[in-house]
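A quick write-up on the structure given underneath.
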């Protein structure tokens, strides 16, 4: 056999091997999609992402306990601001009253 013919046969075998690998991959993908639909796969990815995000939030919270406590305290104080101000004798209803300013009407 000539060297060209040998090279051609080697190339053909490589091509056939590559084609067999691709066919096997396509067959595997088809069987995977047959078991799980696209919506179910998307839901699984969202669940994985939410779990990863939750784990990361726990790690950050453990590393920054002081900042987290300050944030929670600030939120509690914000929602309890009216009763707290009333304890100090500050009238919170005064802020809600009308200041007497009325814009001019364009008649």
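Rundown of residues vs (1) modelled with pLDDT of 85 or more; (2) outside any helix (DSSP H, G or I); (3) in contact with a helix residue (DSSP H, G or I) (Cβ under 9 Å, 6 or more places away or on another chain); (4) surrounded by 10 or more Cβ atoms within 10 Å (Cβ to Cβ), yes/no style:
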{"position": "9", "(1), (2), (3), (4)": "yes, no, no, yes"}
{"position": "27", "(1), (2), (3), (4)": "yes, no, no, yes"}
{"position": "34", "(1), (2), (3), (4)": "no, no, no, no"}
{"position": "41", "(1), (2), (3), (4)": "no, no, yes, yes"}
{"position": "48", "(1), (2), (3), (4)": "yes, no, no, yes"}
{"position": "53", "(1), (2), (3), (4)": "yes, no, no, yes"}
{"position": "71", "(1), (2), (3), (4)": "yes, no, no, yes"}
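Listed residues 4, 19; which is part of a helix (DSSP H, G or I) and either touching a strand residue (DSSP E or B) at 6+ places or on another chain (Cβ under 7 Å) or surrounded by 10 or more Cβ atoms within 10 Å (Cβ to Cβ) (or both)?
Matching residue, one of 4, 19: 19.
The values are calculated or read from the model by the stated rules, or taken from the named source; none is laboratory data. Bear in mind the structure is a predicted one, so any value in this text is a computation, not a measurement. Backbone-built Cβ (ideal geometry, glycine too); neighbour counts: all protein chains shown.
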